[in-house]
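Notes follow once the structure below has been shown.
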Amino acid sequence: MNHEKTIENLYEKVKRIDSKGDLASYIPELANVNSESFGVYISTINSSTFGVGNYSDKFSIQSIAKVLSLSLAYRIIGENIWKRVGVEPSGTAFNSLIQLEADKGIPRNPFINAGAIVVADILISNLDNPKEDFLAFVRGISNDSEINYSTDISLSEKSVGFRNVALCNLIKSFGNIENDPSDVLDFYFHLCSLEMNCKQLSELFIFLANDGCSLFEGKEILSQSQSKRVNALMQTCGFYDESGEFAFKVGLPSKSGVGGGIVAIHPKQYTIAVWSPRLNKKGNSYKGIKFLEEFTTKTKLSIF
C-alpha cells in the first residue's frame with residue numbers, strides 16, 4: 001500500500017480548513033492543549049508505516065482507551081461480559097443518565113461512559129493490581145514501555161467528574177457494580193488519562209486489523225471472533241450519537257476521544273490514527289473526521 005502522497009496532500013488540504021470546533025475545556029487540563037495541533041499516522045499489516053504533522057506529539061487518548069479496557073475484560077471473562085453491558089448504539093449522549101435509568105443499570109454498549117465504568121468494575125474484580133495490570137496489558141500489545149497514565153489528567157477529570165460519579169452510583173443501585181464506586185471511578189479516570197501519540201496509537205491498534213493478533217511476535221490478543229465483534233462495536237458505537245453519520249462518511253470501525261484523537265481500523269489492511277484537538281458539537285475531532293472522510297473517499301479504502 002503506497003498512499004504517502006495522498007496522505008500528505010490531504011493533510012495539507014484539511015490543515016488549511018478553519019476548524020469550527022472547540023477544545024474539551026470542561027476537563028481543565030485538556031483546555032491547555034495547542035488547538036492547532038494536527039497529526040496523522042498509518043500502520044499496515046505488512047509493516048509499512050507513514051506519518052505527517054504532529055504525529056509524534058503525545059495527547060490524552062481519553063475514550064479510545066475504552067477499546068483497550070473492553071479487549072482485556074473480553075479476553076478474561078469471554079462472552080459473560082455481555083450479561084453486564086449491551087451491544088447497541090446509544091442514540092443519546094455518551095454520559096446520559098436517562099437511558100441508564102430506563103435500561104435498569106445495563107449500559108447500552110461498552111463505549112459510552114456508563115458501559116466503560118462497568119468494564120472498569122469487571123477488571124477490578126478480575127485483576128490483582130488493576131491500574132498496573134491494565135497498563136502492562138497495553139504496553140505488552142504495543143511493545144512500548146513508555147506508554148503511561150497522566151496523573152494531571154486523571155486528577156483533572158476527577159475534579160469535575162460529577163456526572164460519572166452519578167452514573168456509577170446509579171449502576172450500583174441496580175446491582176451492576178460489584179466494587180466500591182470510588183475505586184471503580186479512580187480506575188476509570190486513570191484509564192482515560194493514558195497518553196500516546198498517533199504513531200503509538202496506530203501501531204497499538206494494528207491487532208484489530210490483524211484478526212486479534214499483534215504484529216509483534218504474532219501474539220494473540222483476542223480471538224478472531226472477539227476481534228470481529230470489537231470492530232463491529234467500534235463501527236456502530238465508536239462515535240456515540242454521531243456513529244451513524246461517521247459510518248456514512250468514513251466507513252471504518254473507529255473510536256474517538258475528547259482529547260481529539262481518532263483511531264480507525266480497516267480489517268486485514270491498516271490502522272490509521274488522527275489527532276486534532278478541536279471538537280465538533282458531538283465531542284469528536286472536527287478535522288480528524290474531515291481527514292478520514294477525504295482519505296477513504298480518495299483511496300476507496302473503506303469496508304464498504
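Bear in mind these aren't lab numbers, they're just calculated from the coordinates by the rules spelled out. Since the structure is predicted, the reported quantities are computational estimates derived from the model, not experimental observations. Here the Cβ is made from the backbone with ideal geometry for all residues, glycine too, and neighbour counts use every protein chain on show.
Most exposed first by the Cβ proxy, i.e. fewest other Cβ within 10 Å, how do Leu135, Leu208 rank?
Exposure proxy ranking, most exposed first: Leu135, Leu208.
Which of the aspartates and glutamates could a cross-linker bridge to Lys15, judged by Cα under 19 Å and excluding same-chain residues fewer than eight apart?
Within the straight-line limit of under 19 Å, Lys15 reaches these aspartates and glutamates: Glu4, Glu36, Asp57, Glu293, Glu294.
Which of Val33, Val119 has the fewest other C-beta atoms within 10 Å, and how do the rest follow up to the most?
Values: Val33 19, Val119 28.
Lowest count first: Val33, Val119.
Just to confirm the number: angle between the C-alpha axis of helix 224-237 and the first principal axis of the chain, 0 to 90 degrees, nearest 10?
Helix 224-237 and the main axis of the chain meet at about 90 degrees.
Given a Förster radius of 51 Å and the C-beta distance between Lys268 and Ser173 as r, what FRET efficiency does 1/(1 + (r/R0)^6) yield to the nearest 0.05?
0.70
Which FRET efficiency value, to the nearest 0.05, is calculated for Ser159 and Lys5 with the Förster distance at 41 angstrom and r the Cβ-Cβ distance? All intermediate terms of the calculation are to be shown ahead of the outcome.
Details: r = 45 Å, r/R0 = 1.10.
The value I calculate is 0.35.
Mind checking the angle between helix 151-160 and the chain's longest principal axis? C-alpha axes, 0 to 90 degrees, to the nearest 10.
Here the helix axis deviates by roughly 60 degrees.
Once amide H atoms are placed 1.01 Å from N in the peptide plane, what residues at a sequence separation of 5 or more from Leu194, or on another chain, have their amide H within under 5 Å of its amide H?
Residues meeting the amide H criterion: Ile61, Gln62, Ser150.
Mind checking the dipole of the chain: about its Cα centre, +1 per Lys or Arg Cβ, -1 per Asp or Glu Cβ, Debye to the nearest 20?
Result for the chain is approximately 920 debye, rounded to the nearest 20.
For the Cα atoms of the chain, what angle does the longest principal axis make with the long axis of helix 113-126, in degrees from 0 to 90, nearest 10?
Here the helix axis deviates by roughly 70 degrees.
What does the extension gain come out to for Glu132 and Lys228, with contour length at 0.36 nm per residue minus their alpha carbon separation?
That works out to 31.8 nm of additional length.
If neighbour count is taken as other Cβ atoms inside 10 Å, put Cys168, Cys198 in order from fewest to most.
Cys168, Cys198
Rounded to the nearest 500 deg cm²/dmol, what is the calculated helix-only ellipticity per residue at 222 nm for the chain, with -39500 (n - 2.57) per DSSP H run of length n ≥ 4?
The per-residue figure over the chain is -13500 deg cm²/dmol.
Pick from Gly260, Gly39, Gly140: which is most flexible by mean-square fluctuation in a GNM of the chain where alpha carbon atoms under 10 Å apart are linked?
Fluctuation is largest for Gly140.
Any idea what the relative contact order of the chain is, in percent, if you count C-alpha pairs under 8 Å spaced at least 6 apart?
28 percent
For an R0 of 30 angstrom, estimate the FRET efficiency from the Cβ-Cβ distance between Glu217 and Lys300 and round to the nearest 0.05.
Between Glu217 and Lys300 the formula returns 0.40.
Between Rg and the Kirkwood Rh of the chain, both from Cα atoms, what is the Rg to Rh ratio?
0.94
Note the full-extension length gain between Glu79 and Ser182 as 0.36 nm times their separation in residues minus their Cα-Cα distance, in nm to one decimal.
34.4 nm
By the gyration tensor of its Cα atoms, with a ≥ b ≥ c the square roots of the eigenvalues, what is the shape of segment 52-196: rounded for a/c under 1.5, prolate for a/b over b/c, or oblate? Show your work: numbers first, answer last.
On the way: a/c = 1.65, a/b = 1.44, b/c = 1.15.
Because a/c hits 1.5 or more and a/b exceeds b/c, segment 52-196 counts as prolate.
Taking the alpha-carbon centroid of each part, what is the distance from segment 151-217 to segment 79-150 in angstrom?
That distance is 6 Å.
Go through Lys20/Lys298; Lys66/Lys287; Lys66/Lys249; Lys13/Lys66; Lys249/Lys281; Lys58/Lys290 and tell me which ones have a Cα-Cα distance over 26 Å in this structure. Could the numbers behind the result be given before it?
Details: Lys20/Lys298 23 Å; Lys66/Lys287 22 Å; Lys66/Lys249 23 Å; Lys13/Lys66 31 Å; Lys249/Lys281 17 Å; Lys58/Lys290 21 Å.
The pairs that break the limit, which is 26 Å between Cα atoms, are Lys13/Lys66.
Only loop residues by DSSP count here, and only those with at most 13 other Cβ atoms within 10 Å; note down the GluC sites (Glu not before Pro) in segment 206-249 that meet that. Mind showing how you got there, number by number?
On the way: sites: Glu217, Glu220, Glu242, Glu245; in loops: Glu217.
When the GluC sites (Glu not before Pro) of segment 206-249 are filtered for loop state and at most 13 Cβ neighbours within 10 Å, Glu217 remain.
What trypsin sites (Lys or Arg not before Pro) does segment 252-293 have in DSSP loop regions with at most 15 other beta carbons within 10 Å?
On the way: sites: Lys255, Lys268, Arg278, Lys281, Lys282, Lys287, Lys290; in loops: Lys268, Arg278, Lys281, Lys282.
Hits after loop and neighbour filter: Lys268, Lys281.
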